[in-house]
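Asker: My questions all concern the structure below.
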Amino acid sequence: MVTYIIRRLLMLIPVLIGMTLITFSIVHLIPGNPAQVILGETATGEAIANLEETMGLNEPYFVQYWNYLLDLLQGDLGTSLRSKAEISSEILPYIAATFELTFFAMLFAIIVGVNAGIISAWKQNSWFDFLAMLFALVGVSMPVFWLALMEQWIFAQELGWLPAYGRQDSRDPIAAITHLYVLDSLIHLDFARAFTILKHLILPSIALGTIPMAIIARMTRSSMLEVMKSDYIRTVRAKGSGQFLVIYKHALKNAMIPVVTVIGLQTGVLLGGAILTETIFSWPGVGRYVYEAINYRDYPVIQSGILVIAFIFVMINLFVDILYKKLDPRIKY
Amino acid sequence: MEDVILELSGLSTHFFTDQGEIPAVDKVSFRVHKGEVVGVVGESGSGKSVTSLSILQLIPSPPGKIVSGSIRYKGEDLAKATEKRMKRIRGNEISMIFQEPMTSLNPVFTIGNQMREAIRIHQKISKKAATEKAIQMLKLVGIPRAEDIVNEYPHQLSGGMRQRVMIAMAMSSDPSLLIADEPTTALDVTIQAQILDLMKKINKEEHTSILLITHDLGVVADICDRVVVMYAGQVVEKGTTREILKDPQHPYTQGLIRSLPKLHGREEKLYSIPGTVARPKKDRVGCRFAPRCEFAFERCFKENPELYQLGDGRESRCFLHTEKKGERLEDATTNT
Ligand SMILES: Nc1ncnc2c1ncn2[C@@H]1O[C@H](COP(=O)(O)OP(=O)(O)O)[C@@H](O)[C@H]1O
Ligand SMILES: [Mg+2]
């Protein structure tokens, strides 16, 4: 297992280099002089020269890229043009916000999706199966922004049950430690605050998690049905095992192998859609951070934001591959 | 008889499919005595697997259903047993192994895990004791390095080794009856012989009765005491292995024997019964084997033959026994 992880990490190196090449070229693919574009039409020649100097834009490309890589390796993501702050420290709370939302959205998607899929397969053609699959069909075809707006309208505006915006009660902000607010409030042993923060997570998590949930439910169901027909399930029954052991031990572990791949891919899709949901729910995540940077042509921030999202995506895939290996002992690399 | 372990009487298992009702097993009756090895032979599609799965109520349902008949195990009718009762029977009183050793073990759990589970379902012992029992069983079926094998996954073993694991697992709760559905079909000839020897040993030393399902009369000759020949869901002939091989009564059995490869013969081509097993249909009239039978005459297509008692416990489902009373159907075997 350890050698597998090490090998898998080594395989990441070319992927990471490719990613940095892409984010590096973002700035240089801008038509015309990047400094001019960044500063706008009215910039003076002196200002442009200054910016070119600080961003190192006068150096040859490979020197610039080399410097960019060296900076990245030291955890230096550059400086925001707008706030003049170090991006590497500025971006952390945003990453935490996106991570927390993604985590809860996927938690919702996996718990509901996998269980609905199992029960649907177990009670194939029952009313539960029928309703769950109808729900899943509606779920995958629903636009996220529409679902988000409907949630806000019904549960926040009309019923007033749940907050529609932000991560916490803005009048009483948390003293952040990790910037994962649920974790932070638990560290403070402030359970009332944890409850408020969880309430803020509900609507955006459901909006973001519904499509993955529906896809996971359908995938789990078909995978379970396939596995239930296999010879080894017959063997388990011939041993005298009960239905619960057959389904939740023997069938589930096999059925989850393809589902895990789907979960990994869906997490990526979900990260890609974060800008939209984070905007609707005023969620201060990386998506929003990048979105605002685009408005200000803050290229270093755009560059870093994209790099960070891509990096998270790669890490999730790594995690999925390791999980895959844990589930299926037949996999060799 | 007192020493009857299993008695099927008029067992019928039908499949209710979109193409209609399929009588896959049609009024099958036979007995297995204590310590006996009974073979069920027939070409593929003759209902052998459905018969054996019915005994443990393991037929996929829907579409399958036991529609009539009884399965008496030590006097108790398993056809009417509850699922709860069946769980106590399966793997404990009656064990089963299957044709496909490559796919019959769960690929994502270790051998030890799967064997422990089988043991601990029926025996209230600790995990450690179960592991020891598993190792002991693996040694019993002739698996080398049993202590290591328990920590390995099925894909790390060969087909023959996996079938040994299946047998070890099946024997771990000391069942009275072992049902083996084509246990050697998927294996090479040498491995086949080893597995059959192992089953003989189990039968002798553990006194386990064995119901051996096979399409191979060679296997039957090797290990069975008595034989039930099935065709298209029905029993067509019954008798001791000696009698059946030496003096087959039903034209189908004769055909099966003719198609056995002969070690000393100089035949250029292997004989095979022309045609294939027709899918059993409900309400069809006539002998099911008639379309392929070289002796078929008018009556065979108009009426359903019953199983005729031929004395000495021999039975055969053929009109020839009424038409040519006393005359034996040996010409079929001697003509080749
Ligand atoms: N799941 C099923 N659904 C429908 N028909 C089936 C099913 N399983 C078996 N059968 C029918 O039962 C008949 C006997 O099958 P089987 O017992 O597997 O034969 P054998 O083991 O002798 O090769 C087949 O002809 C097939 O049509
Ligand atoms: Mg079969």
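Asker: Across the range B:34-72, which residue is nearest to ligand 2 (Cβ to nearest atom) among those that are within 14 Å of chain A (Cβ to nearest Cβ) and of a type in the set (S, T, Y)?
Answerer: We begin by selecting, within the range B:34-72, every residue within 14 Å of chain A (Cβ to nearest Cβ); these are B:49-50, B:52-64.
Imposing the further condition that a residue be of a type in the set (S, T, Y) reduces the set to B:49, B:52, B:54, B:61.
Working: B:S49: 3, B:S52: 8, B:S54: 13, B:S61: 17 Å.
So, considering only residues that are within 14 Å of chain A (Cβ to nearest Cβ) and of a type in the set (S, T, Y), the one nearest to ligand 2 (Cβ to nearest atom) is B:S49.
Asker: Is it true that some residue in the range A:184-191 is of a type in the set (F, W, Y) and under 21 Å from A:L92 (Cα atoms)? Walk me through how you get there before you give the answer.
Answerer: Our first condition is that a residue be of a type in the set (F, W, Y); within the range A:184-191, this holds for A:191.
Still in the list and also under 21 Å from A:L92 (Cα atoms): none.
Taking every residue of the range A:184-191 in turn, none turns out to be of a type in the set (F, W, Y) and under 21 Å from A:L92 (Cα atoms).
Asker: Identify, by number, the condition in (1) within 30 Å of A:F319 (Cα to Cα); (2) open to solvent by less than 30 Å² (accessible area, probe 1.4 Å); (3) in a loop (DSSP other than H, G, I, E, B) that A:L77 doesn't meet.
Answerer: Just one mismatch for A:L77, condition (2).
Asker: A follow-up question, please. For the range B:200-230, how many residues are over 24 Å from B:P248 (Cα atoms) and in contact with a strand residue (DSSP E or B) (Cβ under 6 Å, 6 or more places away or on another chain)? Walk me through how you get there before you give the answer.
Answerer: Applying the first criterion (over 24 Å from B:P248 (Cα atoms)) to the range B:200-230 yields B:200-209.
Narrowing the set further to residues that are in contact with a strand residue (DSSP E or B) (Cβ under 6 Å, 6 or more places away or on another chain) leaves B:203, B:208-209.
Residues flagged as over 24 Å from B:P248 (Cα atoms) and in contact with a strand residue (DSSP E or B) (Cβ under 6 Å, 6 or more places away or on another chain) within the range B:200-230 amount to 3.
Asker: Among the hydroxyl-bearing types (S, T, Y) and within 16 Å of ligand 1 (Cβ to nearest atom) - does that describe any residue in the range B:234-242? Even if it seems obvious, please write down each step before you answer.
Answerer: Applying the first criterion (among the hydroxyl-bearing types (S, T, Y)) to the range B:234-242 yields B:240-241.
Next, from what is left, pick out any that are within 16 Å of ligand 1 (Cβ to nearest atom): none.
No: the range B:234-242 contains no residue that is among the hydroxyl-bearing types (S, T, Y) and within 16 Å of ligand 1 (Cβ to nearest atom).
Asker: Looking at (1) more than 20 Å from the chain's Cα centre (by Cα); (2) within 8 Å of chain A (Cβ to nearest Cβ), which is the one condition that is false for B:M161?
Answerer: Every listed condition holds for B:M161 apart from (2).
Asker: Please go through the range A:205-233 and pick out each residue that is within 22 Å of B:V108 (Cα to Cα), in contact (Cβ under 8 Å) with a residue 60 or more places away in the chain and basic (K, R).
Answerer: A:R221
Asker: Please go through (1) surrounded by 19 or more Cβ atoms within 10 Å (Cβ to Cβ); (2) within 14 Å of chain B (Cβ to nearest Cβ) for A:G242 and return the number of the only condition it doesn't satisfy.
Answerer: (1)
Asker: On to the next question. Please go through the range A:33-50 and give me each residue that is modelled with pLDDT of 80 or more and in a helix (DSSP H, G or I), ordered by number. Even if it seems obvious, please write down each step before you answer.
Answerer: Of all residues in the range A:33-50, those modelled with pLDDT of 80 or more come to A:44-50.
A:G45, A:E46, A:A47, A:I48, A:A49, A:N50, listed by residue number.
Asker: Can you name every residue in the range B:77-102 that is more than 8 Å from chain A (Cβ to nearest Cβ), part of a strand (DSSP E or B) and charged (D, E, K, R)?
Answerer: B:D77
Asker: Assuming B:I195 fulfils every condition listed in (1) open to solvent by 10 Å² or more (accessible area, probe 1.4 Å); (2) more than 16 Å from ligand 2 (Cβ to nearest atom) apart from one, which condition is it?
Answerer: Among (1) open to solvent by 10 Å² or more (accessible area, probe 1.4 Å); (2) more than 16 Å from ligand 2 (Cβ to nearest atom), B:I195 violates only (1).
Asker: Turning to a different aspect of this structure: Go through the range B:301-318 and count every residue that is crowded, with 21+ Cβ neighbours inside 10 Å and not in a loop (DSSP other than H, G, I, E, B).
Answerer: Pass one, the range B:301-318, residues crowded, with 21+ Cβ neighbours inside 10 Å: B:305, B:315-318.
Subset that is not in a loop (DSSP other than H, G, I, E, B): B:315-316.
Count: 2.
The values are calculated or read from the model by the stated rules, or taken from the named source; none is laboratory data. These numbers come from a predicted model, not from an experiment. Cβ: placed from backbone, ideal geometry, glycine included. Neighbour counts: every protein chain shown. Just so you know, the surface numbers come from the protein's heavy atoms only, side chains and all, with ligands and any DNA or RNA stripped out. Shrake-Rupley method; radii C 1.70, N 1.55, O 1.52, S 1.80 Å.
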